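What follows is a set of notes on a single structure, which appears directly below.
The values are calculated or read from the model by the stated rules, or taken from the named source; none is laboratory data. Everything numeric here is computed off the predicted structure, so don't read it as measured data. A quick note on method: Cβ atoms are made from the backbone with ideal geometry, for glycine too, and the neighbour counts reach across all protein chains shown. Ligands, DNA and RNA are stripped out before the accessible areas are found, and what is left, the full protein with its side chains, is counted by its heavy atoms. Shrake-Rupley method; radii C 1.70, N 1.55, O 1.52, S 1.80 Å.
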Amino acid sequence: MTVLLKAAPIVEKHTKILKQKTTSLSLKNVVPCLKIVLVGNDPASKIYTRNKKRLSEKINASCEIIVLNEDISESDFVNKLRKLVENVKVHGILVQLPLPKHLKNVDIHKIIPPEKDVDGFHSQNLGRLMEGHFEDSFVPCTPKGIMTLLDFYGYNVMGEHVVIIGRSLIVGKPLAALMTHHHATVTLCHSRTQNLEYLTKEADIIVTAIGRPKFLTRKHLSLTKIPIIIDVGINSLPNKKLCGDVDFEDIIDWGMATAITPVPGGVGPLTILSLAENLLIAAERSIYEMES
Ligand code: NAD
């Protein structure tokens, strides 16, 4: 039977740990503080930011969603970010993507410094990830959440062949680096990859991060390898329901997967959990900086 890799028990367990950490920080007069900058009214972005705020508050951190007008000028947007950067009480700053077209060329990570980049997308944080040094950097939230998930359910990636579909800077590429660091053998696939089915049939673990509803079906699986499938995709169907990049029903019906993440309720909540973890690391590090 295919095991369902749900996020809920992981989030429950880690929330308790994070709450204890915020209590310890409060004894040192530090309240972890996250500022989320949301430009415009994108409905999906509103839901994501609300969920991030909800978890932050659950662990007794402070979180504010700063909503900016869709037509805010580039200079006003940059100034808003700079003000947040200058505020020593702010530990983490996150700009919810996607941004409106006229702001797409703003290099956010030239403004948000690596120590407040709780998303882990600053080139210094990504560089540290490539080097395998995590002690003074932030690991991007979705890849970090996937490792938390595998660890919780007792799957070790050492020596495993991991096939990642999607090479974005927020999921595929950092995940490939993280998996490699944990001694997996990684194949990173994308839209120009030839013979994708041949590769997925050879995988011990398949990760889909494409943004195409129900893309991965039984035709991508073999009769001999029974992989773990991690579905990162979040897609809206015409009936407004969410679905992943994996045809969940088809894979379950086929019965040739060891385990699979549901959408919703799989990788998404773990991305948010990782953000809360990164925020607390940022708050803890701010104490060392104050003391040194
Ligand atoms: P992106 O658009 O930046 O990248 C998509 C990648 O998929 C590209 O590398 C592209 O080459 C590849 N691709 C597209 N079509 C393909 C095909 N037919 N065959 C092979 N590769 C193909 O996407 P992203 O920002 O990484 O997001 C991917 C999906 O993951 C989206 O649905 C997004 O909403 C979701 N997402 C979820 C979370 C989460 O927390 N669960 C986090 C981030 C992104």
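Structure data summary
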quantity	calculated
Euclidean distance of C-alpha centroids, the range 201-227 and the range 83-156, integer Å	28 Å
Cross-link pairs beyond the 20 Å C-alpha cut-off, checked among Lys6/Lys241; Lys6/Lys225; Lys21/Lys116	Lys6/Lys225
Cα pair count fraction exceeding 31 Å, expressed as % - the chain	29 percent
Helix-derived mean residue ellipticity, 222 nm - over the chain, DSSP H n ≥ 4, -39500 (n - 2.57), to 500	-13000 deg cm²/dmol
Kyte-Doolittle mean at least -1.0 and Cα axial length at least 20 Å: DSSP H helices in the chain	8-26, 267-291
Test item: Cα-centred dipole of the range 107-254, Lys/Arg +1 and Asp/Glu -1 on Cβ, debye	480 debye
Computed lengthening from Lys241 to Phe152, 0.36 nm per intervening residue step minus Cα-Cα distance	29.3 nm
Per residue, in Å², the accessible surface of the range 208-292 once ligands and nucleic acids are set aside, probe 1.4 Å	46 Å²
FRET efficiency estimate (nearest 0.05) - Cβ-Cβ, Ala8 to Ser222, R0 25 angstrom	0.20
Share of carbon and sulfur in the accessible heavy-atom surface of the chain [1.4 Å probe, %]	53 percent
Dipole moment magnitude, nearest 20 debye, the range 1-92 about Cα centre, only Lys, Arg, Asp, Glu C-beta charged	660 debye
Accessible area in square angstrom per residue, the range 1-99, 1.4 angstrom probe	58 Å²
Accessible area of His161 in the full protein assembly, 1.4 Å probe (Å², nearest 10)	40 Å²
Among Asn239, Ile228, Ala276 - extreme Cα towards positive end, dipole of the range 198-277, charges at beta-carbon	Asn239
Net charge over other residues, Cβ less than 15 angstrom from the Cβ of Arg218 (K, R count +1; D, E count -1)	-3
Stretch gain in nm, segment Thr180-Asn41, where the contour uses 0.36 nm per residue and the Cα spacing is subtracted	46.3 nm
Alpha-carbon centroids, the range 261-291 and the range 1-73: separation in whole Å	8 Å
